[in-house]
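Throughout, read-outs are computed from the coordinates displayed, never taken from laboratory work. Quick caveat: nothing in here was measured; it's all calculated off a predicted structure. Virtual Cβ from ideal backbone geometry, glycine too; neighbours counted across all protein chains shown.
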Amino acid sequence: MQFQTLSSIVLLATAQLAAAAPMESANTSQVLKKRADPTGEYCGSEDGEQFEYDVSWVQDSFDNLQTYVNTPGDMRPSAGGRTYPQRFEGRDPEVAGQLDTIDGCETGQDGKVFWEFPLTQGWNGGPAESQGADRVIGIGASPGQGQPWELTYCLSVTHRGQEGGAFVPCTDI
């Protein structure tokens with residue numbers, strides 16, 4: 001009898017704790033997953049070619065972003081006159097709007113900087129335009145003197161189909 005009473009108390013306490021825990025909406029869960037873990041991305045089509053990247057490509061590009069952001073500027077990969085990673089301003093309305101929905105990736109944070117890197121597996125520089133139209137975007141707090149940047153993945157973007165060098169978000173797949 002004593003065991004049944006103790007079991008009932010534990011069961012009741014567990015149910016009360018579960019009821020008191022905040023419920024995570026499906027949208028919140030997606031946002032946190034997107035910020036914490038790169039996903040596969042669809043970045044549009046051009047001349048009949050589909051630009052889809054599986055998660056390993058996105059992760060590889062983000063890993064390169066993390067590596068090269070901590071590399072001296074003259075040792076970073078370049079394409080034509082552009083050296084990567086570059087600071088990403090997030091001024092494109094669709095991209096800024098998307099960033100503002102991702103916890104930790106909101107625009108306008110003091111001391112935080114966005115960086116972009118080409119979304120191409122194994123890219124380490126080449127001729128102009130070799131970087132392609134797609135990018136991964138990460139954010140990090142400006143480190144102290146001699147400290148490394150530590151970035152968080154936010155999302156992937158593309159120039160594809162845009163005029164004037166504008167970016168739009170890619171779609172998770």
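Can you compute the FRET efficiency between Asp172 and Gln147 using 1/(1 + (r/R0)^6), with r the Cβ-Cβ distance and R0 = 30 Å? Round to the nearest 0.05.
Once the sixth-power term is evaluated, E becomes 0.40.
Residue by residue through the stretch 144-157, what is 3J(HN,Hα) from phi via Karplus (6.51 cos²θ - 1.76 cosθ + 1.60, θ = phi - 60°)? Round to whole Hz and write x for glycine and proline.
Rounded to whole hertz, the list is x, 3, x, 9, x, 5, 10, 9, 10, 5, 10, 6, 10, 9.
Measuring from centroid to centroid over Cα atoms, what is the spacing of the stretch 58-104 and the stretch 126-158 in Å?
2
Please compute the net charge surrounding Val69, taking Lys and Arg as +1 and Asp and Glu as -1 over other residues with Cβ under 12 Å from its Cβ.
Once all neighbours under 12 Å are counted, the net charge is -1.
Quick one: what does P(r) look like for the stretch 63-173 with 10 Å bins over all Cα pairs, in whole %?
Result, from short to long distances: 14, 47, 33, 5 percent.
How would you rank 58-67, 87-96, highest first, on the average number of other Cβ atoms within 10 Å across their residues?
Packing order, densest peptide first, comes out as 58-67, 87-96.
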